[in-house]
Structure formats: structure tokens, C-alpha cells
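Chemist: Please find one structure pasted underneath; my questions will follow.
The values are calculated or read from the model by the stated rules, or taken from the named source; none is laboratory data. Here the structure is a predicted model, which means the values were calculated and not measured. Glycine gets a Cβ as well: all are built from the backbone with ideal geometry, and neighbour counts include every protein chain shown. Just so you know, the surface numbers come from the protein's heavy atoms only, side chains and all, with ligands and any DNA or RNA stripped out. Shrake-Rupley method; radii C 1.70, N 1.55, O 1.52, S 1.80 Å.
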Amino acid sequence: MTAKIISGKDISSDIKNEAAAAAAALTAVGRQPTLAVIVVGEDPASRVYVNNKKKACVFCGINSPEYAFPYETTQETLLRCIDELNRAPEVDGILCQLPLPAHIDENAVIDAIDPKKDVDGFSPVNACNLLAGKDCFLPCTPAGIIEMLRRSGIQTAGKHCVILGRSNIVGKPAAVLMLRENATVTVCHSKTKDLKSYTKSADILIAAIGKPNFVTADMVKPGAAVIDVGINRTPDGKLCGDVDFEHVKEVAGAISPVPGGVGPMTIAMLMHNTVKAAQMHINE
Ligand code: NDP
């Protein structure tokens, strides 16, 4: 039996429509949500991501002024820009597209963003609040994964969720969120021994390692839900995930594709967070 396809494209479209309705309500009372977008350098992949995010902002009725800096911009200049955006009352969210050039300390930049405007959910304050189970801006990719599971009717309580990858932006926060959803969570990484013994026991398998087609059909428990976070390019330039989709879909119960899976969900959750920030700021 072939797996049910979890369409991030369709689910993200619903979330963007909800964000658009909320943004319209704010605009109607004179408070259009604003997401300030900072880009440093000319990295082509970053440009594609930024353009997709700005396109979603247009769709949702969110204002998205861009602050573009050349590659050689200093950290001091960038921090000054963030300081101004932190103090600008009309700015609800600040997005600094990563990666930054090597001469800039990414952590210093992320730390400088006011947690109330940190709609990416990367700041230490938001990360701590997430761990403590307090209300905060959830990092967009893990939050998108949870929405995909919820809106596809996939049960999480009591299920074994195995996460491949322990990065600060995907693996770790995804583990915390899956715990919050009452799953039993195992986090694997590059030093994990006998990876297959873990993946084979997963009711929900989340792959976020950045290795094309790494998860093969023999690593997946029949009927499992498989969420593919990876964004990779094959040697012939095609986009692919961390999961060997064509073969794994014959074993899994549900699977998200790449493209059209977690990618659009990440952008939709950014829109959700920006509207949430504007709703918070209107009462300040
Ligand atoms: P990182 O490179 O920061 O982390 C990769 C993680 O995978 C690390 O924890 C690493 O382990 C682990 N890993 C690497 N190789 C193996 C292996 N052979 N077996 C088990 N674990 C392994 O990546 P990110 O978390 O930032 O991103 C992961 C993927 O998701 C990338 O393809 C990225 O492009 C994509 N991505 C997609 C997004 C979307 O919107 N769809 C958003 C963000 C990322 P260790 O810690 O030991 O090094």
C-alpha cells in the first residue's frame, strides 16, 4: 500500500489564509503587520528563500521592507540596524536571513533581536521559554512539522518519535515540541550507533540531517509517518530531501514530499508568528 502524502503545500496554504484574515483585521484598525527582512550578501539560495518569504508576506497582507547589505558589511553596522528595528514601533518582526558571512558572529546577531520581535524563534529567550513550556515564538520549521502532523490527523501521544539531527533550529526544538505533544522522543545524530535500530522502531520519523536520500525503505517501520525536513540537491541539480521518497512511500503510512512538504510550512509559520507579534504589539 502506498503512503498517504502529507502535503505541506495544501496545509501551508490554509495557515497562510488564516494569517491573511488576521492581518486584514489588524490592517482594518490601522495596524498592518510588518516583517523587516535583513539580507547580507548575494548568496543565491538565501535570495530564493527571502523572495519566497516576501511573496508569502504579500499574499498575507504583511508589509515586508528589506534591509539589504553588501557581503563586506561589518557586524557593528548590522547590529546598529537591528537596534533601530528593535526600537521602531511599526516593526513587528525581524528576520535576518542566515547564513551570514563568516566574519559576522551569527549568535551575536540573533541575540541582538528583541525577543518580542524574534519571529524566527531563534533567540535564547525564546529557546528557554520553549524548554520551560511557556508561550513564545516557536521556531518555524519544528512548529510547521507539528502543524503538519496535527492537521493530517496523525496521533502523537504515546507514539515513538525518532528525530535524525540535533541542530538548534530543527532537531532540538522539534524534540521539545514532540515531547509537548506527548510523544516518546529519541534524538539521533552523527555519533549514534546502529541508527537503523532506532529508525525501525519509529512510529513518527523526522529526518533533518541534510543528506540526500539518506533514509531508505529498509530503515522505516511499516505504517510509520515520515517527515522529511532535508533540502538537498542531487548531482543533476534536482531538489530532494533526506528520505528516499520513491521507495519509502511504499512502506510508510504517511510521508511528506520534498519539495512541497516542510519547506512551505516553515514560511507559513513565519507568517503566523508575524501576525501573532503584531497582535501582541497592538496592546502595548
Ligand atoms: P545541521 O547541519 O545544522 O545539522 C545536521 C544534523 O544532522 C546534525 O545534528 C548532525 O549530527 C546530524 N547528522 C549528520 N549526518 C548524520 C548521519 N549520518 N546520521 C545521523 N545524524 C546525522 O542541519 P539543519 O538542522 O540546519 O538542517 C538539516 C536539513 O534540513 C538540511 O538539509 C537543511 O537544508 C534542511 N532545512 C530545511 C528547512 C525547511 O524549511 N524545510 C529549514 C531548515 C533546515 P551532529 O550534531 O553529530 O553533527
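Chemist: Give segment 1-48 a look and list any residue that's under 30 Å from Gly153 (Cβ atoms) and hydroxyl-bearing (Ser, Thr, Tyr), or say none.
Modeler: Hits for segment 1-48 are Thr2, Ser7, Ser12, Ser13.
Chemist: Under 6 Å between Cβ atoms, which residue pairs at least 6 apart in sequence (or on different chains) link something in segment 205-228 that is in the same structural domain as Leu195 (by TED's automatic domain parsing) with a partner that is surrounded by fewer than 18 Cβ atoms within 10 Å (Cβ to Cβ) and basic (Lys, Arg)?
Modeler: Pairs found: Met219/Lys196; Lys221/Lys200.
Chemist: Would you list the strands (runs of 3 or more DSSP E) that sit entirely within segment 146-263 and hold 3 or more residues that are within 11 Å of the ligand (Cβ to nearest atom)?
Modeler: 160-164
Chemist: Of the residues that sit in segment 24-40 and are touching a residue at least 60 places away in the same chain (Cβ under 8 Å) and out of contact with any Leu (no Cβ under 8 Å at 6 or more places or on another chain), which one is nearest to Glu72 (Cα to Cα)?
Modeler: Step by step, filter segment 24-40, then rank; the result is Thr34.
Chemist: Is it the case, given these coordinates, that Arg87 is surrounded by fewer than 16 Cβ atoms within 10 Å (Cβ to Cβ) and within 21 Å of Ala207 (Cβ to Cβ)?
Modeler: Considered against the rule, which asks whether it is surrounded by fewer than 16 Cβ atoms within 10 Å (Cβ to Cβ) and within 21 Å of Ala207 (Cβ to Cβ), Arg87 comes out as no.
Chemist: The conditions are (1) out of contact with any Phe, Trp or Tyr (no Cβ under 7 Å at 6 or more places or on another chain); (2) open to solvent by 70 Å² or more (accessible area, probe 1.4 Å); (3) of a type outside the set (Val, Ile, Thr), and Glu42 fails exactly one of them. Which is it?
Modeler: (1)
Chemist: Any residue at all in segment 134-141 that's open to solvent by 20 Å² or more (accessible area, probe 1.4 Å), outside any helix (DSSP H, G or I) and within 12 Å of the ligand (Cβ to nearest atom)?
Modeler: no
Chemist: Against the condition among the small types (Gly, Ala, Ser) and surrounded by 24 or more Cβ atoms within 10 Å (Cβ to Cβ), how does Ser256 come out, does it pass?
Modeler: When the stated conditions are applied, Ser256 passes them.
Chemist: Could I ask something else about it? For segment 45-68: of the residues being touching a residue at least 60 places away in the same chain (Cβ under 8 Å) and touching a strand residue (DSSP E or B) at 6+ places or on another chain (Cβ under 8 Å), which is surrounded by the fewest Cβ atoms within 10 Å (Cβ to Cβ)?
Modeler: Only one residue fits best here, namely Lys53.
Chemist: Oh, and also: List the number of the failed condition for His103; all other conditions in (1) farther than 18 Å from Val40 by Cα; (2) away from the ligand (no atom under 16 Å from the Cβ) hold.
Modeler: Going through the list (1) farther than 18 Å from Val40 by Cα; (2) away from the ligand (no atom under 16 Å from the Cβ), His103 breaks only (1).
Chemist: Oh, and also: Are any of the residues in segment 3-13 aliphatic (A, V, I, L, M), surrounded by 16 or more Cβ atoms within 10 Å (Cβ to Cβ) and part of a loop (DSSP other than H, G, I, E, B)?
Modeler: For segment 3-13, residues aliphatic (A, V, I, L, M), surrounded by 16 or more Cβ atoms within 10 Å (Cβ to Cβ) and part of a loop (DSSP other than H, G, I, E, B): present.
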